[in-house]
1. With an 8 Å Cα cut-off and a minimum separation of 6 or more residues, compute the relative contact order for the chain in percent.
2. Could you tell me what percent of the accessible area of the chain is made up of carbon and sulfur, with a 1.4 Å probe and every protein chain present?
3. Could you tell me the accessible area of Tyr68 in Å² (1.4 Å probe, neighbours in place), rounded to the nearest ten?
4. Hey, what's the chain come to in accessible area per residue, 1.4 Å probe, Å²?
5. Determine how large the accessible area of Leu44 is when every protein chain is in place; take a 1.4 Å probe and give Å² rounded to the nearest 10.
6. Taking a 1.4 Å probe, which of Ile23, Ile74 shows the most accessible area, and what order do the others take after it?
7. What do you get for the angle between helix 62-72 and the principal long axis of the chain? Use alpha-carbon atoms, 0 to 90 degrees, nearest ten.
8. Express in Å², to the nearest 10, the accessible area of Thr53 obtained by rolling a 1.4 Å probe over the protein heavy atoms while all chains stay in place.
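The values are calculated or read from the model by the stated rules, or taken from the named source; none is laboratory data. Treat the numbers as computed from the prediction; the structure is a model and nothing was measured. With ligands, DNA and RNA removed, areas are computed over all heavy atoms of the protein, side chains included. Shrake-Rupley method; radii C 1.70, N 1.55, O 1.52, S 1.80 Å.
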Amino acid sequence: MSKQFTKAEVAQHKGDKDMYIIIDDGVYDVTGFVDDHPGGAKILKRMAGKDATKQFWKYHGKNVLEKYGPKLRIGTLKEEAKL
Ligand code: HEM
């Protein structure tokens, strides 16, 4: 079973050497990828620790996640009670 993260846990990983982002229900470690990102490091760093679902699907298709997802995905977003 893949590791589960809360949004609060992901939010702690927003440093240059420790960078997670959320896309849909997946948590991705983009630390080693950020400098290779074809869209630039800056735009990706701005989403560090956050839910980048909307931004991701605005600029990329499913094929991008199929290609890079397996290498970068480290777990799943934990379902949290909605108040
Ligand atoms: C796991 C996360 C991500 C991966 C694997 C990824 C990967 C890529 C790839 C492969 C491309 C080139 C696309 C192509 O050649 O068609 C690209 C372009 C781009 N990405 Fe990302 N990306 C990620 C996250 C993000 C996020 C969160 C943003 C926005 C905040 C972003 C913004 C962009 C932009 C603006 C481009 C350039 C689009 C263009 O030239 O038309 N990316 N990305």
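1. The value is 43 percent.
2. The nonpolar share, carbon plus sulfur, comes to 54 percent.
3. 70
4. Per-residue value: 70 Å².
5. Estimated to the nearest 10 Å², Leu44 gives 20 Å².
6. Listed by decreasing accessible area, they come as Ile74, Ile23.
7. 70
8. 30
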